[in-house]
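The values are calculated or read from the model by the stated rules, or taken from the named source; none is laboratory data. No experiment lies behind these values; they were computed from the predicted model shown. FYI the Cβ positions are ideal-geometry reconstructions off the backbone, even for glycines, and counts take in every protein chain you see. Quick note on the areas: whole protein, heavy atoms, side chains included, nothing else; ligands and nucleic acids left out. Shrake-Rupley method; radii C 1.70, N 1.55, O 1.52, S 1.80 Å.
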Amino acid sequence: MGIGYINGKYIPLTEPVIPIEERGHQYGDGVYEVIRVYKGKPFMLSEHIDRLFISATAIKLQLECNKSYFNDLIKQAIKVSGLLESKIYLQITRGIAPRNHLFPDVPVSITMTVNEMIPLDPVFRESGVKAIFHEDERWANCHIKSLNLLPNILAKQAAQEMGCFEAILHRDGWITEGSSSNIFIVKNNELYTTPLSNKILAGITRRAVIQLCEKLSINVIQHPFRKKDLIEADEVFMTNTTNEVVPIVEVDGIYKIGFGTPGNMTKRLYQQFQQEIYQD
Ligand SMILES: Cc1ncc(COP(=O)(O)O)c(C=O)c1O
C-alpha cells in the first residue's frame, strides 16, 4: 500500500484532501515529476529536481524552498512508505485561492504519492509493443512538465482503443515524442532521437540512455526525423521513467519495424540499463 503527502503531512492515499479551489485541480496550474525508486534509492534524483525547477521557473511558479529541501523530502517519503521498489509523483501547484486567472499571493501546494511499482508485463519487452502515429496537438512549451496533459491523455487513449501501447506524436510528419515517452530509432547501429527544444520533454530516461551509449561507444544523433524514417528504421524504442526502455515493433497496424520483433540494440540497451540500476 502506498502513501500520500500534502503540505507537510503524510496521509493515506484514499484520504480526500484537495479543496475545490486548488489551482492544480481547477486550472492544471502546476508542474510535476515522476521518479522511480530502485532498491530504496531514487533514480537520477538530482536530474529530476533540476527539471522540476526548470518547469516551475518556466511557469513563474515561485518555490520558496531550495533543491536540497526536495531532495530531503523525497528521501523522507521513501522511508515513510517503507517501499523499496516504488514510483513517486511529486506535484506542485500555485496553491489554494478564490478562482481567478491571475496568480494568487498564497503558498504553493506540494503533494506527493509513493506507490509500489508494478513492473511492465515482461511480455511487452519480449514481444515488443504496438504504437499509432498521432498528430501532436499540444501547446508550444512541451519542455515544461506541466499538469496540463489533456492532449497526451487523448493520444494515449486513442492508442489504447486501437489495441496499441503508445501514441507516437508528430508535427507535420516530424516525430516529436511519445504521449508519455521519448522516441529513439536505430538505423545501421546508430541511434537517432529528436533534439531537445520546446517541442519535447527532456526525458530523464532519454538522458540516461544517451549517457549509456556514450559509455558503450554507440553513436546517438540528436536530429529531427520524420514518420518515414521511423517506419524504415531497423528498430524503434520508447523511453520513460515508468517503463525504462520498451521496443516498438509495429505502427498503425501496417508498418512492421525491422523484423517485427525487438531488435538487438534495444535489447542490449535495456539490459545495460538494468545493470546500471542494480549494479551496487
Ligand atoms: C511527454 C513525455 N515525454 C517524455 C517522457 C519521458 O520522461 P522521463 O524519462 O523523464 O520519464 C514523459 C514521461 O512521462 C512524458 O510524459
- prompt: Of the residues in the range 122-175, how many are within 11 Å of the ligand (Cβ to nearest atom) and among the aromatic types (F, W, Y)?
  reply: 0
task: Output the residues belonging to the range 19-67 that are in a loop (DSSP other than H, G, I, E, B), at negative phi and either within 16 Å of the ligand (Cβ to nearest atom) or touching a residue at least 24 places away in the same chain (Cβ under 8 Å) (or both).
output: P19, E21, D29, F43, I59, L61, Q62, L63, E64
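When you look at K87, is it exposed (fewer than 15 other Cβ atoms within 10 Å of the Cβ) and not β-branched (V, I, T), yes or no? Spell out the reasoning first.
Values: exposed (fewer than 15 other Cβ atoms within 10 Å of the Cβ): no; not β-branched (V, I, T): yes.
No; evaluated as a whole, the condition is false for this residue.
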Those residues of the range 114-125 which are farther than 29 Å from G173 by Cα and surrounded by fewer than 19 Cβ atoms within 10 Å (Cβ to Cβ), in sequence order: N115, E116, M117, I118, P119, L120, D121, P122, V123
- prompt: Any idea which of G163, G95 is open to solvent by less than 20 Å² (accessible area, probe 1.4 Å) and not charged (D, E, K, R)?
  reply: G95
- prompt: Do you know which residues across the range 186-210 are away from the ligand (no atom under 12 Å from the Cβ), touching an Asp or Glu at 6+ places or on another chain (Cβ under 9 Å) and either within 16 Å of D252 (Cα to Cα) or open to solvent by 10 Å² or more (accessible area, probe 1.4 Å) (or both)?
  reply: K187, N188, N189, Y192
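For the range 106-191, which strands (runs of 3 or more DSSP E) that fit wholly inside it have 2 or more residues that are polar (S, T, N, Q), modelled with pLDDT of 95 or more and within 30 Å of K60 (Cα to Cα)?
On the way: elements: 109-116, 129-135, 166-171, 174-178, 182-187.
Hits in the range 106-191: 109-116.
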- request: Taking E244 as the residue in question, decide whether it is under 23 Å from R36 (Cβ atoms) and either within 13 Å of the ligand (Cβ to nearest atom) or of a type in the set (V, I, T) (or both).
  value: yes
message: Return the residues of the range 1-28 that are open to solvent by less than 20 Å² (accessible area, probe 1.4 Å) and under 23 Å from the mean Cα position of the chain (by Cα); say none if nothing qualifies.
response: G2, G4, Y5, R23, G24, G28
